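Contents: one structure, followed by commentary.
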Amino acid sequence: MSNTISIRVLLCLSLGLLILGACTGPREDVVPRDTALRWHDPLEVRVLNVYDGLHHSRDPQVSHIVEVEILESSQDRSMIGRRMALPYDQWMAGGPPPKRGTVLVMRPAQWVERSRDPGRRSTDR
């Protein structure tokens with residue numbers, strides 16, 4: 001009987017830890033929106049995760065947080081391999097955020113400033 005109870009307790013604890021692990025947010029601090037607006041240097045990035053901005057940002061103009069790994073940076077080679085959490089405003093950018101696993105060339109400013117082409121998400125590529 002005590003074996004059955006201990007197995008149930010262990011299963012409940014494991015399930016609880018699994019649920020808590022799935023509810024985490026970005027691993028890195030989110031780059032502030034005003035910093036992203038001034039960041040016009042192109043970066044090649046891989047999208048690691050996309051989070052709902054309502055739960056992970058206090059800025060009402062941030063709809064999503066996009067966690068990326070920097071693959072290439074023409075301005076600062078020391079950034080290659082770094083992970084960053086960048087703000088994304090789908091209304092200003094003109095479309096939804098990129099999907100997990102997407103590799104693209106972008107400027108952090110273009111994810112929070114008015115899109116030049118409201119019909120599609122603009123990229124440097």
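Step by step: first the residues of segment 82-99, then only those that are in a loop (DSSP other than H, G, I, E, B) and touching a Pro at 6+ places or on another chain (Cβ under 9 Å), then the one that is modelled with the lowest pLDDT. Which residue is that?
GLY94
Take the conditions among the aliphatic types (A, V, I, L, M), part of a helix (DSSP H, G or I), under 25 Å from ARG100 (Cα atoms) and at pLDDT below 70 and apply them to LEU11. Does it pass?
No; evaluated as a whole, the condition is false for this residue.
Tell me yes or no: at least one residue of segment 16-23 is surrounded by 10 or more Cβ atoms within 10 Å (Cβ to Cβ), in a loop (DSSP other than H, G, I, E, B) and modelled with pLDDT under 85.
no
Within segment 50-67, is even one residue under 14 Å from MET106 (Cβ atoms) and out of contact with any Pro (no Cβ under 8 Å at 6 or more places or on another chain)?
no
Within segment 38-86, count every residue that is surrounded by 16 or more Cβ atoms within 10 Å (Cβ to Cβ) and more than 15 Å from the chain's Cα centre (by Cα).
3
Is it true that some residue in segment 29-40 is farther than 15 Å from TRP111 by Cβ and in contact with a strand residue (DSSP E or B) (Cβ under 8 Å, 6 or more places away or on another chain)?
yes
The values are calculated or read from the model by the stated rules, or taken from the named source; none is laboratory data. Since we're looking at a predicted model, the values are computed, not measured. Positions of Cβ are backbone-derived with ideal geometry, glycine not excepted, and every protein chain shown enters the neighbour counts.
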